[in-house]
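Engineer: Just dropping this structure here.
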Amino acid sequence: MTLPLPGMTIDPERTAIVIIDPQNDFLSPNGVAWGVVGESVIENNTVANITTLMKAAKDYNLPLLISPHYYYPTDYGWKFEGAVEKLMHNIKMFDRQGSLQLDGFIGSGADWLEQYKPFLEDGKTIICSPHKVYGPENNDLILQLRKQRVDKVILGGMSANLCVESHLRELLEQGFEVAVVTDATAGARVPEGDGYQAALINFRMLANTVWTTEEILQVFRQSIPSPTVVKS
């Protein structure tokens, strides 16, 4: 039995692009997770494809929301952790000195990639409060989307079978239509398996549709007339 592909129409008044964890620790060769995600990031051209999605949000005047991942010193007081949570704490992934401090933030693993900053620091992109494990249940992403009257989400970012899939599941449970951009994400490769390949199966089973970056650009061209071209 072949799964149906429901699809998703783009209404620019109701559609937003959401990017998860576009941060150095995932996407820079200097990031602490590069050893397990780097091959997948390179193969999918993930960094460039996320750039393309961010630029498209600006060109087509769609809300761009970022769901980041930060850990503060108090988070190291957790009494229990899952496997990847423990790993992230061990390697000091996404560390910041405090929720009210930016000391040491610029250029750190928790900071954005430099090529993303023109899109993220323009005063228009909505930077949500941090999610702490994988999904958006404990940050304000859902609230921010509702306040924009958005009910259609185009989803990309890191990493595929963890935060992206968890955001996908929660957004669906909250009544959103969700399209996942499969080459604007990547996953860890560990002895237990390939996180990206695991995620692709669930993306196809769960999402309203899956697109590549080029496919979503084609959809935008067909659905949203006369974009405003923004220079990056």
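Engineer: Sort 102-109, 138-145, 184-191 by packing, meaning the average of other beta carbons within 10 Å per residue, with the highest value first. If you can, show how the numbers build up before the last one.
Structural biologist: Working: 102-109: 13.4, 138-145: 18.1, 184-191: 22.5.
Highest-to-lowest ranking by the protection proxy: 184-191, 138-145, 102-109.
Engineer: Separate question: With a cut-off of 8 Å between alpha carbons and a minimum separation of six or more residues, what is the relative contact order of segment 93-184 in percent?
Structural biologist: For segment 93-184, the relative contact order is 20 percent.
Engineer: Taking every alpha carbon pair in segment 92-146, what does the distance histogram look like in 10 angstrom bins from 0, in percent?
Structural biologist: For segment 92-146, the binned pair fractions read 20, 46, 34, 1 percent.
Engineer: Here is a follow-up. Among Ile126, Thr212, Tyr72, which residue has its Cα positioned farthest towards the positive end of the charge dipole of the chain, with +1 placed on the Cβ of Lys and Arg, -1 on the Cβ of Asp and Glu, and the dipole taken about the Cα centre?
Structural biologist: Checking the options against the dipole of the chain, the answer is Ile126.
Engineer: Can you tell me the dipole magnitude for the chain around its Cα centre, using point charges on the Cβ only (Lys, Arg +1; Asp, Glu -1), in Debye to the nearest 20?
Structural biologist: 440 debye
Engineer: What is the total of Lys pairs in segment 15-223 with C-alpha atoms under 22 Å apart, excluding same-chain pairs fewer than 8 positions apart?
Structural biologist: Counting lysine pairs in segment 15-223 gives 13.
Engineer: Turning to a different aspect of this structure: Restricting things to alpha carbons, find the Rg to Rh ratio for segment 1-114 using the Kirkwood radius for Rh.
Structural biologist: Result: Rg/Rh = 1.05.
Engineer: Sticking with this structure for a sec: Which one, Ala56, Gly31, Val41, is farthest towards the positive end of the dipole of the chain when Lys and Arg carry +1 and Asp and Glu -1 on their Cβ?
Structural biologist: Most positive-ward Cα: Ala56.
Engineer: Taking neighbour Cβ counts within 10 Å as the exposure measure, how do Ile42, Ile19 sort from fewest upward? Please list the in-between numbers first.
Structural biologist: Numbers: Ile42 13, Ile19 28.
Fewest-to-most ranking of Ile42, Ile19: Ile42, Ile19.
Engineer: Continuing with this model, one more query. What number, rounded to the nearest 500 deg cm²/dmol, is the helix-based mean residue ellipticity at 222 nm of the chain, given -39500 (n - 2.57) per DSSP H run of at least four residues and division by all its residues?
Structural biologist: Numbers: 9 runs with 80 residues, N = 232.
Helices in the chain give a 222 nm mean residue ellipticity of -9500 deg cm²/dmol.
Engineer: Normalised by the number of residues in the chain, what is the relative contact order in percent for Cα pairs under 8 Å and 6+ residues apart?
Structural biologist: Relative contact order of the chain: 30 percent.
Engineer: If packing is taken as the average number of other Cβ atoms within 10 Å across a peptide's residues, how do 84-95, 121-132 rank, most packed first?
Structural biologist: Ranking, from highest mean packing down: 84-95, 121-132.
Engineer: With each pseudo-label sitting 7 Å past Cα toward Cβ, what's the Asn61-Ser129 distance in nm, one decimal?
Structural biologist: 3.2 nm
Engineer: Moving on. So for the pair Met205, Gln115, with labels modelled 7 Å out along Cα→Cβ, what separation do we get in nm?
Structural biologist: Result: 3.4 nm between the two label points.
Quick note: the coordinates plus some simple rules give every number you see, no bench work behind them. None of the values given here were measured: they were computed from a predicted structure. All Cβ positions, even for glycine, are placed from backbone atoms using ideal geometry, and neighbour counts span all protein chains on display.
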